[in-house]
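I have placed the structure first, in the form of structure tokens, so that the comments after it can refer back to it.
The values are calculated or read from the model by the stated rules, or taken from the named source; none is laboratory data. It should be emphasised that the depicted structure is a prediction, and the values quoted were computed from it without experimental measurement. We place every Cβ from the backbone using ideal geometry, glycine too, and count neighbours over all the protein chains shown. What goes into the accessible areas is simple: the full protein's heavy atoms, side chains included, and nothing from ligands, DNA or RNA. Shrake-Rupley method; radii C 1.70, N 1.55, O 1.52, S 1.80 Å.
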Amino acid sequence: MALCLGQVFSKDKTFRPRKRFEPGTQRFELYKKAQASLKSGLDLRKVVQLPEGENLNDWIAVHVVDFFNRINLIYGTVSEYCTERTCPIMSGGLRYEYRWQDGDDYKKPTKLPALKYMNLLMDWIESLINNEDIFPTRVYLFLRTSSRCAKRS
């Protein structure tokens, strides 16, 4: 069964837009370094090593968003084949079953079809990535001479 790209990347079905870093920002530069490091060979220790002079939290944030984007591509493709009938349980093989609990709509661990579970999971992760308190997009420059900080443009 062949799929055309329109089916795989239909916005109302499976495609989730990639999170983008604004060109010219520090995070965009870190993203470019992360992309280059992925093509640098098989030494995983070097691939994820913090570049000299960079902020650890920014480096981790860039990799989290990049990982989310890559998982979105896989999720979009797989979700075309995984329906409530074909994937009635979110499982990791025969030994593990995942249940959803978010404290709001699902107060206790709840068995869900895999597609519903993944939709909730991807929405939850996206909400965390978009939360300015967790992943701030504004960069602040802390001045050494005072306790105030100034926005860096």
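For region 53-91, taking the residues that are within 19 Å of Ile125 (Cβ to Cβ) and assigned to a loop (DSSP other than H, G, I, E, B), the one that is modelled with the highest pLDDT is identified as Met90.
Residues that are farther than 15 Å from Tyr117 by Cβ and among the aliphatic types (A, V, I, L, M) within region 41-73 comprise Leu42, Leu44, Val47, Val48, Leu50, Leu56, Ile60, Ala61, Val62, Val64, Val65, Leu73, listed in sequence order.
Just give me the residues in region 98-124 being exposed (fewer than 10 other Cβ atoms within 10 Å of the Cβ) and closer than 30 Å to Leu56 by Cβ, in sequence order.
If we filter region 98-124 for residues that are exposed (fewer than 10 other Cβ atoms within 10 Å of the Cβ), which is where we start, we get 103-105, 107-108.
Passing the criteria: only Gly103.
Against the test of being part of a loop (DSSP other than H, G, I, E, B) and modelled with pLDDT under 80, the options Leu94, Leu50, Leu42 yield a single qualifying residue, Leu42. Close Cβ contacts (under 6 Å, 6 or more residues apart or on different chains) running from residues in region 61-76 that are of a type in the set (A, V, I, L, M) to residues that are not in a helix (DSSP H, G or I) comprise Ala61/Phe135; Val65/Lys19.
Only a single criterion out of (1) open to solvent by 40 Å² or more (accessible area, probe 1.4 Å); (2) in a loop (DSSP other than H, G, I, E, B) is not satisfied by Ser127, namely (2). Checking each residue in region 85-97 for being touching a Pro at 6+ places or on another chain (Cβ under 9 Å) and either surrounded by 12 or more Cβ atoms within 10 Å (Cβ to Cβ) or touching a residue at least 40 places away in the same chain (Cβ under 8 Å) (or both) picks out Cys87, Pro88, Ile89, Met90. The set of residues in region 97-115 that are in a loop (DSSP other than H, G, I, E, B) and aliphatic (A, V, I, L, M) contains only Leu112.
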